[in-house]
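These notes concern the structure reproduced below.
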Amino acid sequence: LSAALMASERGFNEIIVPAGNTREAALVSGLRVIGVTDINQLMGHLNGISPIKASRPTQIVSHEHSGDSFRLIKGQESAKRALMIAAAGGHNVLMSGPPGSGKTLLARALVDLMPPMAFGEALGVTRIYSSIGTPITSSVMSERPFRSPHHTTSAPAMVGGGTNPRPGEISLAHRGVLFLDELPEFPRSVLESLREPLEEGRITVSRASGSVNLPAKFTLVAAMNPCPCGNYGSQTACLCSPISVIRYRKRISGPLLDRLDIQINVPRETAASEKQAISEATFRDLKERIKTAKSLQEKRFDGTGIYTNAEISYKNIDQFCKLVPSAEQLLVRAAEVKGLSLRAYHKIKKLGRTIADLEGAETIENKHIAEAISLNVNDKLLGEFS
């Protein structure tokens, strides 16, 4: 696929590939793809003795998940709302809660909410999996990836590497979900390696043979316990000393936390408060609202190479995130009171843009910014002990 894309970019109108690769190369529009099985067939085509008919263009068929994972989750309404916003705008999420609160289930359910990939997104995902030799099937080309590396994963396996650099987990999660369970248990080197892709949407892998830029625009969903035993702040007694809790939380650096758009607490649901799962009709309505929000973003970012609100940079944030004056004042006051960084200030704006898109609003109003602040600024997550 990469060779076919390069041929198209350099003005070639025909490419000859092994017969087994024709379907993959034919993803590139405007390029005649000729598949050959042996050298004799190739020579017959080049000499005009027995021309080979070009392969038909390959179509990427969008695929949606059934939604059962999300639909059957009982309770956790605030977390579900946060995931809905994350799915609509491609925002990163950090969930903190005791064991058994459903953090892993919520993370896996996010792909149920995410809208189908646009053609450009699907092509980028297919290109990555093609580079590691994965057979190109409809599922690879149309499903958003979900990667869940264990906390023992090394930094090269996460970012990519090898003598000839290969994509790591963060690139294999491109345009999909990268789920990091037990976030503080990951090595510091792995966590810090996430800072560049979270900010730039790509990762640079340098080796003796050279360096390569790999795409890494993923939605990060991270989960952590509030303390080593997991019970701090819950009804179950915490067995950890204050210093061990502080050390546990400090494994996540401030610069990394600053790059996580949504930071929420996920309390443990009790049997007495167990609620019913949402209906299929309600889930379809949620999906439709997310699709509508994604359509608004596609129109807004047409021709810019941006696909989601989370990808808006500081260069064009004022163009795409227009706030009413009172909402701007509310955000400025919150930034001053909470001591927010300029990065957090921009992330709240982008969250407000997504919330407004879910409502079909053209401008970002007070209620949108207020909800965005509550999602981004979580005083309880890593706050002081009460």
For region 146-188, what is the accessible area per residue in Å² when the probe is 1.4 Å? 39 Å²
Need the full-extension length gain, Ala281 to Thr134, defined as separation in residues times 0.36 nm minus the C-alpha distance. One decimal, nm. 49.3 nm
Net charge within 11 Å of Leu342 by Cβ-Cβ distance, Lys/Arg positive one each and Asp/Glu negative one each, not counting Leu342 itself? +2
Please list Asp318, Asp285, Asp112 in order of solvent-accessible area, largest first, computed with a 1.4 Å probe with all protein chains present. Asp318, Asp285, Asp112
Both in Å, the radius of gyration and Dmax of the C-alpha trace of region 1-122 are 22.8, 71
Of Thr236, Ser171, Pro267, which is farthest towards the positive pole of the chain's charge dipole, taken about the Cα centre with +1 and -1 on the beta-carbons of Lys, Arg and Asp, Glu respectively? Ser171
Over the chain, calculate the relative contact order: mean separation of alpha carbon pairs under 8 Å at least 6 apart, over the residue count, as a percent. 18 percent
With a 1.4 Å probe and every protein chain left in place, work out the accessible area per residue of region 198-311 in Å², rounded to a whole number. 52 Å²
Give the carbon-plus-sulfur fraction of the accessible surface of region 109-229 in %, rounded to a whole number; probe 1.4 Å, heavy atoms of protein chains only. 49 percent
Loop-only chymotrypsin sites (Phe, Trp or Tyr not before Pro) in region 292-386, please: DSSP not H, G, I, E or B, and at most 14 other Cβ atoms within 10 Å. Tyr314, Phe385
Going by alpha carbons, how many degrees (0 to 90, nearest 10) lie between the helix axis of 280-300 and the longest principal axis of the chain? 70 degrees
Kirkwood Rh over alpha-carbon pairs of region 64-201 plugged into Stokes-Einstein at 25 °C, 0.890 mPa s gives a D in µm²/s of 153 µm²/s
Set Lys250/Lys350; Lys103/Lys367; Lys103/Lys315, cut-off 31 Å on Cα-Cα distance; pairs above it are Lys103/Lys315
Write down the percent of antiparallel bridges among all DSSP beta bridges whose residues are both part of region 159-308, to the nearest 5. 65 percent
quick note, the chain, DSSP beta bridge pairs, % antiparallel (nearest 5) is 30 percent
If the cut-off is a Cα-Cα distance under 18 Å, which aspartates and glutamates reach Lys74, setting aside same-chain residues fewer than 8 apart in sequence? Asp112, Glu269, Glu274, Glu280, Asp285
So what's Rg/Rh here for region 145-260, counting alpha carbon atoms and using the Kirkwood radius for Rh? 1.04
Rounded to the nearest 20 Debye, what is the dipole magnitude of the chain about its Cα centre when Lys and Arg each give +1 and Asp and Glu each give -1 at the C-beta? 280 debye
With springs connecting C-alpha atoms under 10 Å apart, model the chain as a Gaussian network and identify which of Gly230, Gly160, Gly20 has the largest mean-square fluctuation. Gly20
Once both labels are modelled 7 Å past Cα along the beta-carbon direction, what's the Ser2-Ser374 spacing in nm? 4.6 nm
Relative contact order in percent for region 147-271 (Cα pairs under 8 Å, 6+ apart) equals 24 percent
Give, in nm to one decimal, the length gained when the segment between Glu14 and Lys291 is fully stretched (0.36 nm per residue of separation minus the Cα-Cα distance). 96.1 nm
Which entries of Lys80/Lys294; Lys80/Lys338; Lys217/Lys291 show an alpha-carbon separation above 21 angstrom in the structure shown? Lys80/Lys338
Amide H contacts under 5 Å for Ala118, placed H, 5+ residues apart: none
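The values are calculated or read from the model by the stated rules, or taken from the named source; none is laboratory data. Keep in mind it's a predicted model, so treat the numbers as computed, not measured. Note that each Cβ is placed from the backbone with ideal geometry, even for glycine, and that neighbours are counted across all protein chains shown. SASA here: full protein model, heavy atoms, side chains in, ligands and nucleic acids out. Shrake-Rupley method; radii C 1.70, N 1.55, O 1.52, S 1.80 Å.
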